[in-house]
Amino acid sequence: MTPLTTAPGLGRVRQWLSAHPLAADALLAAFVLAAALLGTAVGPHSRRFPLGLVFVLFTTLACGALVLRRRAPRTVLAATVLLAVAEIVATRHDETYGQVTAAVVIALYTVASGMGRTVAWRIAALAVGVLTATVMAFGARPWYAQENFGVFAWTALAGAAGDAVRSRRAFVAEIQERAVRAERTRDEEARRRVAEERLRIARELHDVVAHHIALVNVQAGVASHVMDSRPDQAKQALAHVREASRSALDELRATVGLLRQHGETAAPTEPAPGLAVLDQLVDGFARVGLRVR
């Protein structure tokens, strides 16, 4: 039952931290400071090298600078490196290297993960070089002691980790962009094919309707010509006219139904005729010779 009850709470915490990056960085800075001070106070060398004012001051300033690591990453990195160098030169305690360089590691990771690869690697190389040279000159003896190379390893690892995170973010962003582009291309291709199909259907409709209208025209001419002399043949021609017109209407109705956009209703878009157009209806019947009462 514990994972089920704590998972929603952790999700809300993550959402809150994502929405408040300054508060998240402040919590991170406080955690790093507490870990550095606690590690020095209760560490195996705490009796030989107790917490001193210089160490506490420089460590507090370096960790406090992490609050602004997202707003000014390069400035924060420069500040943490200078404070770490000053602390190493002032105390010369190789047992406190890990604590004092913790802020530099986080600042260097931030720079490497949020900037371009070329600029980030140049800045990282400069920061790692300055710290390594400082501990080799003022730290443990001999200069190739493992404590000195430990500083180099931690800072270089931070730069590499930040570059790996940046590369992964760029890769994921590229994959998402390709997916969006592919989806857009598929939609455009589908719309193009639909437009081509509608055009083909419209051409076929034109050919079919034109054929029926030509047939209606011929049969109507025949009926007009033989109306007086051969009424039976005229009646047959008019039957052909009616059949051809019916076929043309059926073809037109079926094709227009195919050409409708998805979601369109089959009903006409204009209002149904009312009593206001009754006179026009009567005039239409009168023009064809019908009497309306």
Yes/no for residue 101 being surrounded by fewer than 22 Cβ atoms within 10 Å (Cβ to Cβ) and either under 30 Å from residue 20 (Cα atoms) or out of contact with any Pro (no Cβ under 8 Å at 6 or more places or on another chain) (or both): no
Flag if residue 199 is under 30 Å from residue 129 (Cβ atoms), aliphatic (A, V, I, L, M) and open to solvent by 60 Å² or more (accessible area, probe 1.4 Å): no
Filtered residues of the stretch 124-136 (kept if farther than 17 Å from residue 88 by Cα and either open to solvent by 40 Å² or more (accessible area, probe 1.4 Å) or not aliphatic (A, V, I, L, M) (or both)): 125, 126
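Being out of contact with any Ser or Thr (no Cβ under 8 Å at 6 or more places or on another chain), under 30 Å from residue 116 (Cα atoms) and in a helix (DSSP H, G or I) is the requirement here; does residue 175 meet it?
Against the criterion (out of contact with any Ser or Thr (no Cβ under 8 Å at 6 or more places or on another chain), under 30 Å from residue 116 (Cα atoms) and in a helix (DSSP H, G or I)), residue 175 qualifies.
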Selected residue (criterion: most open to solvent (accessible area, probe 1.4 Å)) from residues of the stretch 203-220 that are within 49 Å of the chain's Cα centre (by Cα) and farther than 14 Å from residue 246 by Cα: 203
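With 182, 145 as the choices, which residue is more than 26 Å from residue 121 (Cβ to Cβ) and exposed (fewer than 14 other Cβ atoms within 10 Å of the Cβ)?
On the way: 145 fails: exposed (fewer than 14 other Cβ atoms within 10 Å of the Cβ).
Just a single option satisfies the conditions, and that option is 182.
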Single condition residue 180 does not satisfy, out of (1) without any contact (Cβ under 8 Å) to a residue 24 or more places away in the chain; (2) more than 21 Å from the chain's Cα centre (by Cα); (3) assigned to a helix (DSSP H, G or I): (2)
Selection status of residue 163, assigned to a helix (DSSP H, G or I) and either out of contact with any strand residue (DSSP E or B) (no Cβ under 6 Å at 6 or more places or on another chain) or more than 30 Å from residue 111 (Cα to Cα) (or both): yes
Residue ID - modelled with the lowest pLDDT, chosen from residues in the stretch 63-121 that are among the charged types (D, E, K, R) and within 24 Å of residue 147 (Cα to Cα): 94
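Each row is one residue, and each column tells you yes or no for (1) open to solvent by 50 Å² or more (accessible area, probe 1.4 Å); (2) within 30 Å of residue 74 (Cβ to Cβ); (3) under 49 Å from the mean Cα position of the chain (by Cα).
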site: 149; (1), (2), (3): yes, yes, yes
site: 161; (1), (2), (3): no, yes, yes
site: 164; (1), (2), (3): yes, yes, yes
site: 223; (1), (2), (3): no, no, no
site: 228; (1), (2), (3): yes, no, no
site: 237; (1), (2), (3): no, no, no
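The values are calculated or read from the model by the stated rules, or taken from the named source; none is laboratory data. Predicted model only: the values in this text are computed from it and were never measured. We place every Cβ from the backbone using ideal geometry, glycine too, and count neighbours over all the protein chains shown. The accessibility values were calculated without ligands, DNA or RNA, using every heavy atom of the protein model including side chains. Shrake-Rupley method; radii C 1.70, N 1.55, O 1.52, S 1.80 Å.
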